[in-house]
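> Got a structure for you, questions after.
The values are calculated or read from the model by the stated rules, or taken from the named source; none is laboratory data. It should be emphasised that the depicted structure is a prediction, and the values quoted were computed from it without experimental measurement. Don't worry about glycine lacking a Cβ; one is built from the backbone with ideal geometry, like all the others, and counts go over all protein chains shown. Heads up: the accessible areas ignore ligands, DNA and RNA and are worked out on the full protein's heavy atoms, side chains in. Shrake-Rupley method; radii C 1.70, N 1.55, O 1.52, S 1.80 Å.
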Amino acid sequence: MNRWLVDAWQDFRFAKRLFHRQPGFTSLVALTLGLGVGATTAVYTIVRAVLLRSPYRDAGRIVAIWDNAARDGDQVRQILASGADFAEYKRSARLLDDIGIAGRTRPVLHYGDTNQTRMAGLVTASLFRSTLGVEAQLGRTFVPEDEQGGCSVVLAHSFWVTVLGGQKSWVGRSLSLDQSSCTVLGVMPAGFTLFPNTADMWFLVGHAPSTTPNPPFGMVCARLKPGVTIDQARAEIAALHAAVNSEHTVGGDPEPGLTPAVEYIRQELTTLTGPTLRTSLLLSFGAVSLLLLIACLNVASLLLARLADRQRELTVRSALGSGRMRLIRQVLTEGLALAVIGMVLGVGFAIAGVSLFRYLNPVELPPHAGEISVDIPVLLFAVLLAVGTTLSFGLLPAFEASRTNLDQSLRTLRGVLGVVSGYRTARLLITAQITVSFILLIGAGLLMSSALHLSSESLGFRPEGVIALDVTLPAARYSKADQRSAFQQALLGRLERLRGVESVALGWAPPWDPHQNWFEEIVEVRGLAGQSDVNDVQSASAGSGLFGVLGTPLLRGRSFVHEDGAGGPPVAIVSQRLVDEYFAGRDPLGQQIRYGFRDHLSEWVTVVGVVTSWKHMVADAAWRDTPMVFRPFVAGAPNFQVSIRMRSGAPSRELEIQRQVVELDSAAQAKADVLSDRVSKMLLFPRFRAGLLVGFGLAALLLAAVGLHGLLSQLVARRSSEFGVRRAVGAQTRDLVFLVARQGGTPVLVGIILGLGAAAALTRVLQNMLYGVRAADPAVLLLAILVLLSAAVLGMAFPARRAAQVDPMTVLREE
């Protein structure tokens, strides 16, 4: 044991001296490892926080149940399950335990001198404790006995801290919500999340202020019984869903098109935050793993190339009695020392990368992700990663070093025979690097092209210069329609008089939150059949002048006028997408339609105009123009939300606009922002995702080019005698350059061919993240090939130049 320690210490001392003699080589290897380990650790930190953590007990058995709708080849869309579905599942399901439902509502909180509209959840009594296995951090959650009492509420930790000051005394006190007094039962732990993932509080179903006894829609949660697989649960839920929905009709016909979706709840909550967030994180981790692989291959090829220069040293060691295991241990010790340096650099890079991610905040993460930081488990991951990379890049050079043929090596210490064969393994490693780099470049090119298409897409409205103002009125002060109408008119008058404001209109307008699970409706066209079974329509209210404010072209008919919302005949304006989908080539003007949910359809309204379709973002990576129906805005409508859109030629007017609301009524809650900022925020994640993969691809390309350069440089140095002899017997400069180019070009061309084959699998993964570009886009493939070839040429240029400058007389004198 003591002898082993002495030998190990000698190996480390020798490695230290070796590193001091070759600082450039040592720095290159350490930076390569640091980049690979750091990038992988940083991405793992985010993946672990989002995909591996869970606020629930035994989350692997908890499932979420939705309805899904797929239309015309479009992506499947989550739709909340109905109350009837939930009742049937709870009554008849035999493979599930502890079935509950989570709905949502938006109560108005009266706190201090302000009224604030908050997002809240509606849950069944046993959902927290039995289904999810989560207890309150402070106080308690709901129990069945609470169903016999009045309004009670459980608070989210973030709401309790930021709004109520984090005081423990709030448990047992009351909050004023929708003019009702609701008792605070408890506070949930930090990081707890449920549908809706932005909920500030939760009520019991049937006991929330201003809500119906049972939520019409919600996310159903349940536990799989022991031994039950998720596929078995899906089959049972599908049968129960079909039985329930066969009884619900639209226009006298059964409503098809909806299918139940049963998924693990941890995956679904991540999807609620961003439909492609899970796939994007897995893609990023796969890409950074490929980058780490390239780093390992790069270091292995550099070490193999350096072994050729150390052939004399290894031969002398072997001649003096060093056995094969002794040589393996020496080379592995050098690799371990490099891994330690790379690990330290990698942890530093990971901390910097995670800090940059937090600063940029490119995507909303689920609340259960908590604070993204490099903690002890992440540091342990970095250590294990460094050890693993040591084995991966150290064993191959170590075994190559141990295969020294003493008799042959002593005869060929300075000769030219047998040198080229020593680089065969290194060339294979370079080929692997080129292949992986090419795959990353193709993925980066596709995502970047998709992000550019997203940014340049025409949305059907011009968000630049348009300010959105959303106001929530205190319910007690505006309980009557004429009070609400008077406030709206007074506010419009104030806004119209502001300097720089060109036009103002009431009405709801895009872009809406792509993560929001909006209710999608159906449309019936009087006299037509066959389209009323598709849930794909959005309805909205639009005041006179709204389309002009937004720059939305009127294609046919007329816009709304003031009389349309003041007791005139029921009329509507529809989008061009709705015309294309529902009117089958007929002129929509004068046609009558009705819209809504299942048996709760509106009155028949007459179409008086057609406008350009609005596009909104879905799945974090695509614009979609949903069919839309617009009804005239009715002044003083029975809700306390006022939405105003205005076009302004003056920048940064949000604070001044909000001040107009406060001067009218200090208790009203106002929020103003610029629509172009909303669009930019929606595009931030696709751009960041594309930029991240571009960064990985360029880093991989750089490492591959460096590896190729190192391999060829070592080859030229070892074959200088051969090049001198070739020069002496008449070889031209172009002959030597071609020789080096052939040595480097072969692994590049083979890598491109292999990469083209492997890219097919990558494009299938990227398919749902692309917009406006095909997965096998020839322009992207050509660009990736050109970039790769350019980097390869740069990597080969300097070694080829050195080969061409070999002086034959100098070489012959040395020989």
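> For the stretch 157-179, which positions are in a strand (DSSP E or B), modelled with pLDDT under 90 and open to solvent by 40 Å² or more (accessible area, probe 1.4 Å)?
Of everything in the stretch 157-179, just one residue is in a strand (DSSP E or B), modelled with pLDDT under 90 and open to solvent by 40 Å² or more (accessible area, probe 1.4 Å), namely 176.
> A further question on this structure: Kindly indicate whether residue 772 is open to solvent by 40 Å² or more (accessible area, probe 1.4 Å), closer than 27 Å to residue 280 by Cα and in a helix (DSSP H, G or I).
no
> If only one of 17, 91, 104, 13 is over 32 Å from the mean Cα position of the chain (by Cα) and either modelled with pLDDT of 80 or more or in a strand (DSSP E or B) (or both), which one is it?
Going through 17, 91, 104, 13 in turn, just one is over 32 Å from the mean Cα position of the chain (by Cα) and either modelled with pLDDT of 80 or more or in a strand (DSSP E or B) (or both): 91.
> If you check every pair at least six apart or on different chains, which have Cβ atoms under 6 Å apart with a residue in the stretch 426-442 that is more than 14 Å from residue 753 (Cβ to Cβ) first and a residue that is among the β-branched types (Val, Ile, Thr) and open to solvent by less than 20 Å² (accessible area, probe 1.4 Å) second?
As it stands, the answer is 433/294, since those pairs meet every condition given.
> Ok, one more. Taking residue 278, is it at pLDDT below 75 and among the basic types (Lys, Arg)?
So residue 278 does not fit the description; no.
> A further question follows. I'd like the full set of residues that are in contact with a helix residue (DSSP H, G or I) (Cβ under 9 Å, 6 or more places away or on another chain) and without any contact (Cβ under 8 Å) to a residue 24 or more places away in the chain, limited to the stretch 762-778.
774, 776
> Could you check how many residues of the stretch 593-625 are at pLDDT 85 or above, surrounded by 16 or more Cβ atoms within 10 Å (Cβ to Cβ) and of a type in the set (S, T, N, Q)?
Selection size over the stretch 593-625: 2.
> Looking at this structure, is residue 743 among the polar types (S, T, N, Q), closer than 30 Å to residue 682 by Cβ and in a helix (DSSP H, G or I)?
No.
> Just checking, how many residues over the stretch 780-795 are at pLDDT 85 or above and either open to solvent by less than 70 Å² (accessible area, probe 1.4 Å) or within 30 Å of residue 729 (Cβ to Cβ) (or both)?
11
> Same structure again: Hey, can you tell me all the residues within the stretch 238-271 that are modelled with pLDDT of 65 or more and among the hydrophobic types (A, V, I, L, M, F, W, C)?
Listed by number, the residues that qualify are 238, 239, 240, 242, 243, 244, 258, 261, 262, 265, 269.
> Looking at residue 492 and the list (1) at pLDDT below 85; (2) out of contact with any helix residue (DSSP H, G or I) (no Cβ under 7 Å at 6 or more places or on another chain); (3) among the aliphatic types (A, V, I, L, M); (4) buried (at least 17 other Cβ atoms within 10 Å of the Cβ), which single condition is not satisfied?
(1)
> Being hydrophobic (A, V, I, L, M, F, W, C) and closer than 17 Å to residue 540 by Cα is the filter; apply it to the stretch 495-509 and report the residue that is most open to solvent (accessible area, probe 1.4 Å).
Per the stated criteria, the residue is 508.
> Moving on. I'd like to check something: does the stretch 142-156 contain any residue that is open to solvent by less than 50 Å² (accessible area, probe 1.4 Å), under 30 Å from residue 240 (Cβ atoms), in contact with a helix residue (DSSP H, G or I) (Cβ under 7 Å, 6 or more places away or on another chain) and part of a loop (DSSP other than H, G, I, E, B)?
Yes; the residues of the stretch 142-156 include at least one that is open to solvent by less than 50 Å² (accessible area, probe 1.4 Å), under 30 Å from residue 240 (Cβ atoms), in contact with a helix residue (DSSP H, G or I) (Cβ under 7 Å, 6 or more places away or on another chain) and part of a loop (DSSP other than H, G, I, E, B).
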